[in-house]
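A quick write-up on the structure given underneath.
Readers should treat all values here as calculations from the given coordinates under stated rules, not as data from a laboratory. Everything numeric in this text was worked out from a predicted model, so none of it was measured. Please note: Cβ atoms are built from the backbone with ideal geometry, for glycine as well, and neighbour counts cover all protein chains shown.
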Amino acid sequence: MEALKIFFSDYTIQIVSMGSALLGIVSGVIGSFAVLRKQSLLGDVISHAALPGIALAFLLVQIKDTNILLIGALIAGLLATGAVRVIDKYSRIKFDSALGLVLSVFFGGGLVLLTYIQKIPNANQAGLDKFIFGQASTLLKKDVYTVLIVGAIIIFMVLLFWKELKIVSFDPEFSDSLGISSKKVSFIISGLIVASIIIGLQTVGVILMSAMLVAPGVAARQWTDKLSIMVLLASVFGAISGLVGTIISSSIQSMPTGPSIVIVVSVIVLISISFAPNRGLVWRQIREMDSAKQINEDKVLKSLYELAINHKDPYHSHPISVIKPIKTKGGKKTKQLESILLALKKDGYVEVEGGNNWFITRDGLDYINNHPILKEE
Amino acid sequence: MEENYIIEVEDMTVAYQVKPVLWDVDLRVPKGILMAIVGPNGAGKSTLIKAMLDLIKPISGSVLFNGETYEKQRKNIGYVPQRGSVDWDFPTTVLDVVMMGRYGHIGWLKRTSKEDKELAMEAITKVGMEEFAKRQISQLSGGQQQRVFLARALVQDAEIYFMDEPFQGVDAKTERAVIEILKDLRSRGKTVVVVHHDLQTVPEYFDWVTLLNTQVIESGPIETVFTEENLKKTYRSTGKVLRSE
């Protein structure tokens with residue numbers, strides 16, 4: 001409540017939250033493609049690699065101008081991407097190892113430089129460490145404009161190259177055979193990922209920026225089987241996370257924005273993975289239980305069917321002990337059998353007489369006779 | 001004399017790391033035939049068609065289609081990759097995937113048209129998948145996936161087709177569909193090159209064969225080339241037991 005009050009009364013927070021929401025939209029859109037191309041970790045490398053870029057840029061110019069620092073981040077990010085590609089292509093080191101290697105080397109270097117900077121006597125140095133976890137409240141209006149402009153360009157590029165992004169994400173080899181160079185398109189995607197990371201550094205920080213790219217796409221994939229809807233949903237999830245995360249962080253004293261945004265997006269991912277229809281874990285569990293129940297019912301009905309056809313009177317009833325029990329753990333056989341028989345009775349496939357004597361009905365016989373697996377040959 | 005050949009491969013050598021996969025391959029394919037590329041595992045069958053399609057850079061050698069480079073003839077060439085080469089959990093539909101076959105004709109940045117969609121539906125119907133057009137691709141069986149890839153190649157409306165193991169692990173219905181399409185393509189004067197692994201069906205499905213084991217052992221019409229002796233030569237290094245005729 002308090003947070004909302006602050007939000008509606010404070011113009012600065014409104015601006016800053018808009019910036020974060022915008023960032024969420026942009027990273028959700030381009031991040032969806034990173035997820036689909038199984039390159040989620042590339043974003044992680046680029047964002048970590050930005051840190052030494054920021055530090056070096058500061059050392060060079062000795063002033064804390066955001067744009068100059070971000071240009072440093074951009075160059076370092078591109079260098080890291082290049083390093084990963086070169087290692088992957090020309091050495092025997094596998095792609096994931098190359099990612100891990102480049103990430104730790106760049107980030108380690110960044111931390112060393114940052115420590116060094118903090119020791120030199122320069123009043124400007126304060127606040128560089130904000131880039132590690134992000135602090136949206138340090139955003140100025142012009143920073144938000146940067147996010148807006150770069151974000152708009154990224155989304156425009158995605159829409160412009162939609163067809164190419166789709167085919168290269170799905171089948172790069174076929175795409176190459178058509179003359180749509182997967183190398184060129186990958187380059188475009190990497191460039192857009194780098195750009196979206198750069199505009200997110202101030203808000204979310206180098207460590208958690210990759211979550212901003214990956215999480216909305218992962219969550220969105222759970223809810224839909226259509227690429228366009230997935231990208232749209234990812235942008236919505238990203239926007240919600242950016243907005244809510246920033247509001248939370250600005251209502252709690254010295255709470256960095258990065259972690260609070262990531263907490264929000266993680267909740268969205270958790271809900272999506274658990275409850276999304278079809279792909280959700282809960283949904284799948286229910287379906288599995290349903291199918292196990294169905295199979296058990298079929299087996300019991302089949303047992304009654306066999307009793308019926310081996311008896312002079314097919315509708316002669318049998319006590320529950322004669323009906324072939326299903327195997328269960330923990331000696332709950334009779335009870336489970338009863339509940340299955342009751343379920344079958346509800347369907348009209350069996351009837352009960354004299355308390356606990358069961359027989360198969362006409363409908364039950366028909367069901368078995370029409371069953372693709374259970375029917376007698 | 002040379003214009004009789006629609007595909008000409010000359011001195012093609014391809015190596016991964018240092019190990020040569022294809023060695024000095026020369027190949028000439030006449031127009032309008034169904035050709036199988038046959039050879040043991042690791043013989044370089046897929047590599048050969050990928051190198052011809054400019055997907056792998058050869059160390060040396062050249063390929064000409066209708067006397068021109070791949071670059072110039074691209075729109076005349078259709079490709080069916082191995083179906084295992086993509087992630088079938090990608091969020092898209094059968095129709096969408098088949099439409100991708102049109103992208104080469106459409107070109108960069110332009111949108112697909114209504115006509116492209118009609119052509120895609122036509123191809124989907126041809127492979128017997130019309131009920132599945134709107135279906136998410138992760139719900140398809142292996143055979144259905146193969147037919148989707150075939151339909152995608154059909155909408156490329158090419159002169160020359162390359163297919164990488166289209167019979168690999170498919171059901172009877174799909175196998176019939178593939179054969180029907182091969183015959184249909186031949187009757188329309190198209191040339192089809194198929195990487196194939198089932199020796200028994202070669203004489204039945206194809207009229208031309210290239211026996212490959214790093215080098216081209218022999219290439220020509222089935223009647224003269226697909227002999228027990230040549231097959232023995234092709235499979236000698238792996239000691240595979242053969243049964244021809």
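Below, the figures for the structure above:
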{"read-out": "P(r) histogram, all alpha-carbon pairs of the stretch B:123-179 included - 10 Å bins from 0, percent", "value": "24, 58, 18, 0"}
{"read-out": "Computed label-point distance, nm, for sites A:SER266 and A:SER9 using a 7 Å Cα→Cβ extension", "value": "3.1 nm"}
{"read-out": "Cross-link partners of A:LYS335 among lysines (Cα-Cα below 28 Å; sequence separation of 8 or more within a chain)", "value": "A:LYS293, A:LYS299, A:LYS302, A:LYS324, A:LYS327, A:LYS345, A:LYS346, A:LYS375"}
{"read-out": "Prolate/oblate/rounded label for the stretch A:2-277 (Cα gyration tensor, a/c 1.5)", "value": "oblate"}
{"read-out": "Prolate/oblate/rounded label for chain B (Cα gyration tensor, a/c 1.5)", "value": "prolate"}
{"read-out": "For the stretch A:175-180, 3J(HN,Hα) per residue [Karplus equation, 6.51 cos²θ - 1.76 cosθ + 1.60, θ = phi - 60°, Hz, x = Gly/Pro]", "value": "4, 4, 5, 7, x, 8"}
{"read-out": "Note, ³J(HN,Hα) from phi for the stretch B:192-207, Karplus 6.51, -1.76, 1.60, rounded to Hz, x at Gly and Pro", "value": "10, 10, 10, 6, 9, 10, 9, 4, 4, 8, 4, x, 6, 8, 10, 10"}
{"read-out": "Sum of -39500 (n - 2.57) over DSSP H runs of 4+, divided by residues of chain A (222 nm, nearest 500)", "value": "-25000 deg cm²/dmol"}
{"read-out": "Zero-based 10 Å bins, Cα pair distances in the protein assembly as shown, whole percents", "value": "3, 13, 18, 17, 16, 15, 11, 5, 1, 0, 0"}
{"read-out": "Nonlocal amide H pairs with B:VAL193, under 5 Å, H built at 1.01 Å", "value": "B:MET35, B:TYR161, B:PHE162, B:MET163"}
{"read-out": "Across A:LYS38/A:LYS166; A:LYS183/B:LYS117; A:LYS163/B:LYS110, pairs whose alpha-carbon gap is larger than 20 Å", "value": "A:LYS183/B:LYS117"}
{"read-out": "Derived scalar couplings ³J(HN,Hα) [the stretch B:44-58; Karplus, 6.51 cos²θ - 1.76 cosθ + 1.60; whole Hz; x for Gly, Pro]", "value": "x, 4, 5, 4, 4, 6, 5, 5, 5, 8, 6, 8, 10, 7, x"}
{"read-out": "Charge dipole (the protein assembly as shown, unit charges on Cβ, about Cα centre) - positive-most of A:LEU101, A:ILE320, A:ILE54", "value": "A:ILE54"}
{"read-out": "Under 5 Å, built H, 5+ apart or other chain: amide partners of B:TRP208", "value": "B:LEU34, B:ALA36, B:ILE222"}
{"read-out": "Kirkwood-type radius of the stretch B:137-245, with distances r between different C-alpha atoms, in Å", "value": "15.2 Å"}
{"read-out": "Dipole in debye (nearest 20) - the stretch A:77-144, about Cα centre, beta carbon charges: Lys, Arg +1; Asp, Glu -1", "value": "120 debye"}
{"read-out": "Residue with peak Gaussian network fluctuation, chain A [Cα springs, cutoff 10 Å], from A:LEU344, A:LEU233, A:LEU139", "value": "A:LEU344"}
{"read-out": "Eligible lysines near B:LYS233 by straight Cα distance, threshold 18 Å, same-chain separation 8 or greater", "value": "B:LYS45"}
{"read-out": "Diffusion constant of the stretch A:17-97 at 37 °C, which comes from Stokes-Einstein with the Kirkwood Cα-pair radius and 0.692 mPa s, µm²/s", "value": "231 µm²/s"}
{"read-out": "The stretch B:102-245 - share of DSSP beta bridges that are antiparallel (%, nearest 5)", "value": "55 percent"}
{"read-out": "Degrees separating the helix A:209-223 axis from the principal Cα axis of chain A, which is the longest one", "value": "30 degrees"}
{"read-out": "The stretch A:2-277, dipole about Cα centre (Lys/Arg Cβ +1, Asp/Glu Cβ -1), debye to the nearest 20", "value": "280 debye"}
{"read-out": "Per DSSP, loop chymotrypsin sites (Phe, Trp or Tyr not before Pro) in the stretch B:32-121 with at most 16 further Cβ within 10 Å", "value": "B:TRP108"}
{"read-out": "Shape call, the stretch A:12-168: gyration tensor on alpha carbons, a/c limit 1.5", "value": "oblate"}
{"read-out": "Residue order, fewest to most beta carbons within 10 Å, for A:MET212, A:MET255, B:MET35", "value": "A:MET255, B:MET35, A:MET212"}
{"read-out": "Degrees, to the nearest 10: A:257-275 long Cα axis against longest axis of chain A", "value": "20 degrees"}
{"read-out": "The stretch B:5-236 - share of DSSP beta bridges that are antiparallel (%, nearest 5)", "value": "55 percent"}
{"read-out": "Among beta bridges that DSSP assigns inside the protein assembly as shown, antiparallel share in %, nearest 5", "value": "60 percent"}
{"read-out": "Packing-based exposure ordering (other Cβ within 10 Å, fewest first) of A:VAL105, B:VAL97", "value": "A:VAL105, B:VAL97"}
{"read-out": "Most mobile of A:PHE187, A:PHE174, A:PHE359 in a GNM of chain A (Cα contacts under 10 Å)", "value": "A:PHE359"}
{"read-out": "Average beta-carbon neighbours from other chains, 10 Å sphere, peptide A:156-169", "value": "3"}
{"read-out": "Leading residue at positive end of dipole, chain B (Cβ point charges), from B:PHE226, B:VAL195, B:ILE33", "value": "B:VAL195"}
{"read-out": "Degrees separating the helix A:66-90 axis from the principal Cα axis of chain A, which is the longest one", "value": "60 degrees"}
{"read-out": "Test item: Cα-centred dipole of the protein assembly as shown, Lys/Arg +1 and Asp/Glu -1 on Cβ, debye", "value": "1640 debye"}
{"read-out": "5 angstrom amide H check on B:VAL21, placed H, neighbours 5+ away", "value": "B:VAL14, B:ALA15, B:TYR16"}
